[in-house]
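Student: Provided herewith is a single structure, encoded as structure tokens, for subsequent inquiry.
The values are calculated or read from the model by the stated rules, or taken from the named source; none is laboratory data. Because the structure is a prediction, the values reported are computed rather than measured. All Cβ positions, even for glycine, are placed from backbone atoms using ideal geometry, and neighbour counts span all protein chains on display. In case anyone asks, the SASA skips ligands and DNA or RNA and just uses the protein heavy atoms, side chains included. Shrake-Rupley method; radii C 1.70, N 1.55, O 1.52, S 1.80 Å.
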Amino acid sequence: NAGVTQTPKFRVLKTGQSMTLLCAQDMNHEYMYWYRQDPGMGLRLIHYSVGEGTTAKGEVPDGYNVSRLKKQNFLLGLESAAPSQTSVYFCASSWNQETQYFGPGTRLLVL
Amino acid sequence: AQKVTQAQTEISVVEKEDVTLDCVYETRDTTYYLFWYKQPPSGELVFLIRRNSFDEQNEISGRYSWNFQKSTSSFNFTITASQVVDSAVYFCALSEAGYSTLTFGKGTMLLVSP
């Protein structure tokens with residue numbers, strides 16, 4: 001079991017570029033989440049999904065889009081990256097409201 | 001609205017000292033879940049414990065113990081005989097029943113020096 005994996009581990013973007021972060025889980029979890037972590041801010045929820053084909057907004061959804069076409073994958077897209085999106089992004093998954101298990105994170109730097 | 005407060009931004013201790021990390025939460029629900037996660041310097045988030053609001057029994061796991069007090073809306077975490085490997089950022093989090101999302105505190109950085 002790999003658990004939750006994230007691709008890529010690190011990325012540098014220029015302002016205005018787009019990219020997609022991939023999260024994959026092999027635990028057959030229904031729920032998946034995307035968070036961002038910034039210094040002194042803890043983790044803030046961007047978007048989440050309660051099942052294949054569903055998505056919902058979290059606390060800080062602006063500038064991001066998500067898709068959950070397959071149960072095991074949850075994609076986070078940045079259509080036009082901004083320096084304010086420089087952050088560490090974590091994906092997590094859970095079975096209903098049980099414990100969330102996190103991926104290793106993706107460091108994104110937007111210049 | 002739910003809220004989690006970790007008032008201690010950073011704590012420094014010397015190895016073998018006991019240390020308590022505070023967590024205070026706010027929620028209007030009577031059914032909710034509380035969590036602690038550890039984030040070591042390597043960056044991953046490691047699940048430590050999950051507690052539901054109906055179970056106020058304290059929990060001990062090795063050197064770790066948790067004190068849940070509904071009367072003060074607190075879920076504090078104590079490390080006994082701290083070790084250098086305990087150095088990490090520790091997050092407390094809350095989830096209300098009926099909602100799948102977690103609200104995190106801002107974390108407490110624990111530095112354990114030899």
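Student: Within the stretch A:60-71, can one find any residue that is farther than 20 Å from B:Phe35 by Cα, in contact (Cβ under 8 Å) with a residue 24 or more places away in the chain and facing another protein chain (nearest Cβ under 8 Å)?
Tutor: Among the residues of the stretch A:60-71, not one is farther than 20 Å from B:Phe35 by Cα, in contact (Cβ under 8 Å) with a residue 24 or more places away in the chain and facing another protein chain (nearest Cβ under 8 Å), which makes the answer no.
Student: Give just the number: which of (1) within 13 Å of chain B (Cβ to nearest Cβ); (2) in contact with a Ser or Thr (Cβ under 6 Å, 6 or more places away or on another chain); (3) within 21 Å of B:Tyr37 (Cβ to Cβ) does A:Trp34 not satisfy?
Tutor: If we test A:Trp34 against (1) within 13 Å of chain B (Cβ to nearest Cβ); (2) in contact with a Ser or Thr (Cβ under 6 Å, 6 or more places away or on another chain); (3) within 21 Å of B:Tyr37 (Cβ to Cβ), just (2) comes out false.
Student: Which residue pairs have Cβ atoms closer than 6 Å, lie 6 or more positions apart in sequence or on different chains, and pair a first residue in the stretch B:102-114 that is open to solvent by 70 Å² or more (accessible area, probe 1.4 Å) with a second residue that is outside any loop (DSSP other than H, G, I, E, B) and β-branched (Val, Ile, Thr)?
Tutor: Pairs found: B:Met109/B:Val89; B:Pro114/B:Val84.
Student: Could you count how many residues in the stretch B:8-36 are out of contact with any strand residue (DSSP E or B) (no Cβ under 7 Å at 6 or more places or on another chain) and either under 11 Å from B:Glu96 (Cβ atoms) or of a type in the set (A, V, I, L, M, F, W, C) (or both)?
Tutor: Total satisfying the criteria: 3.
Student: Looking at the structure I just gave you, is B:Ala7 away from chain A (no Cβ under 11 Å), touching a residue at least 12 places away in the same chain (Cβ under 8 Å) and either closer than 25 Å to A:Glu30 by Cβ or open to solvent by less than 70 Å² (accessible area, probe 1.4 Å) (or both)?
Tutor: So B:Ala7 fails the test.
Student: Further question: Could you give every pair whose Cβ atoms fall below 8 Å, whose first residue belongs to the stretch A:37-58 and is part of a loop (DSSP other than H, G, I, E, B), and whose second residue is surrounded by 13 or more Cβ atoms within 10 Å (Cβ to Cβ) and of a type in the set (A, V, I, L, M), counting only separations of at least 6 or pairs across chains?
Tutor: Pairs that qualify, where the first residue is part of a loop (DSSP other than H, G, I, E, B) and the partner is surrounded by 13 or more Cβ atoms within 10 Å (Cβ to Cβ) and of a type in the set (A, V, I, L, M), are A:Val50/A:Ala56; A:Thr55/A:Val66; A:Gly58/A:Leu45; A:Gly58/A:Ile46.
Student: Still on this model: Quick one: in the stretch A:73-109, which of the residues that are among the aliphatic types (A, V, I, L, M), open to solvent by 10 Å² or more (accessible area, probe 1.4 Å) and farther than 23 Å from B:Tyr37 by Cβ is nearest to the other protein chains (Cβ to nearest Cβ)?
Tutor: A:Leu109
Student: Looking at B:Ser82, B:Ser74, B:Ser61, which one is open to solvent by 60 Å² or more (accessible area, probe 1.4 Å) and more than 13 Å from chain A (Cβ to nearest Cβ)?
Tutor: Among B:Ser82, B:Ser74, B:Ser61, only B:Ser61 is open to solvent by 60 Å² or more (accessible area, probe 1.4 Å) and more than 13 Å from chain A (Cβ to nearest Cβ).
Student: Go through the stretch B:71-97 residue by residue and tally those that are under 29 Å from A:Gly58 (Cβ atoms) and without any contact (Cβ under 8 Å) to a residue 60 or more places away in the chain.
Tutor: 8
Student: Let me ask you something else. Would you pick out the residues in the stretch A:34-43 that are at pLDDT below 95 and buried (at least 18 other Cβ atoms within 10 Å of the Cβ)?
Tutor: Within the stretch A:34-43, A:Gly42, A:Leu43 qualify.
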